[in-house]
1. Could you list all residues from the stretch 48-75 that are surrounded by 12 or more Cβ atoms within 10 Å (Cβ to Cβ) and in contact (Cβ under 8 Å) with a residue 40 or more places away in the chain?
2. Can you name every residue in the stretch 9-29 that is modelled with pLDDT of 90 or more and within 15 Å of the chain's Cα centre (by Cα)?
3. I'm trying to understand the selection: among the residues of the stretch 32-47, which are touching a strand residue (DSSP E or B) at 6+ places or on another chain (Cβ under 9 Å) and either at pLDDT below 90 or surrounded by fewer than 17 Cβ atoms within 10 Å (Cβ to Cβ) (or both)?
4. When the stretch 11-31 is examined, which residues are found to be more than 15 Å from Lys71 (Cβ to Cβ), surrounded by 11 or more Cβ atoms within 10 Å (Cβ to Cβ), without any contact (Cβ under 8 Å) to a residue 24 or more places away in the chain and not small (Gly, Ala, Ser)?
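The values are calculated or read from the model by the stated rules, or taken from the named source; none is laboratory data. Worth saying up front: this structure is predicted, and the values here are computed from it rather than measured. Note that each Cβ is placed from the backbone with ideal geometry, even for glycine, and that neighbours are counted across all protein chains shown.
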Amino acid sequence: MKGAKLLKGTGIFINEDLTKTNAEVLASLRLKEPTRIEKAWSYGGKLFAKYKSSERYEQINFYQYHTWLSKPWPSKDNTYARKVASSDRNLLSSAQN
């Protein structure tokens, strides 16, 4: 894990083995509120998040897990990939006009 910084920008990622609960909370952090969370990651089995409104990161404590797990998943019509694709189409159509 110490050499992971050497892989930055190469497209190669090292993934930790997480418990099922930690993996679900990490996915929740990344996907359920993308307007609030800038980054979410794990290190040493602990979960961390950097909020867009803050310069600092925060460790996600176990008592916060239920809050994140109980939030609704985004609908398939409201995914990040669809938003990006939609904005790309809008850019293309405005460039053609």
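1. First pass over the stretch 48-75, keeping only residues surrounded by 12 or more Cβ atoms within 10 Å (Cβ to Cβ): 48-51, 57-58, 60, 64-65, 68-69, 71, 74.
Those that are surrounded by 12 or more Cβ atoms within 10 Å (Cβ to Cβ) and in contact (Cβ under 8 Å) with a residue 40 or more places away in the chain: Tyr65, Trp68, Leu69, Lys71, Pro74.
2. Asn22, Ala23, Glu24, Val25, Leu26, Ala27, Ser28, Leu29
3. Looking only at the stretch 32-47, we keep the residues that are touching a strand residue (DSSP E or B) at 6+ places or on another chain (Cβ under 9 Å), and these are 36-42, 46-47.
Once the filter is applied, which keeps residues that are touching a strand residue (DSSP E or B) at 6+ places or on another chain (Cβ under 9 Å) and either at pLDDT below 90 or surrounded by fewer than 17 Cβ atoms within 10 Å (Cβ to Cβ) (or both), the stretch 32-47 yields Arg36, Glu38, Lys39, Trp41, Lys46.
4. none
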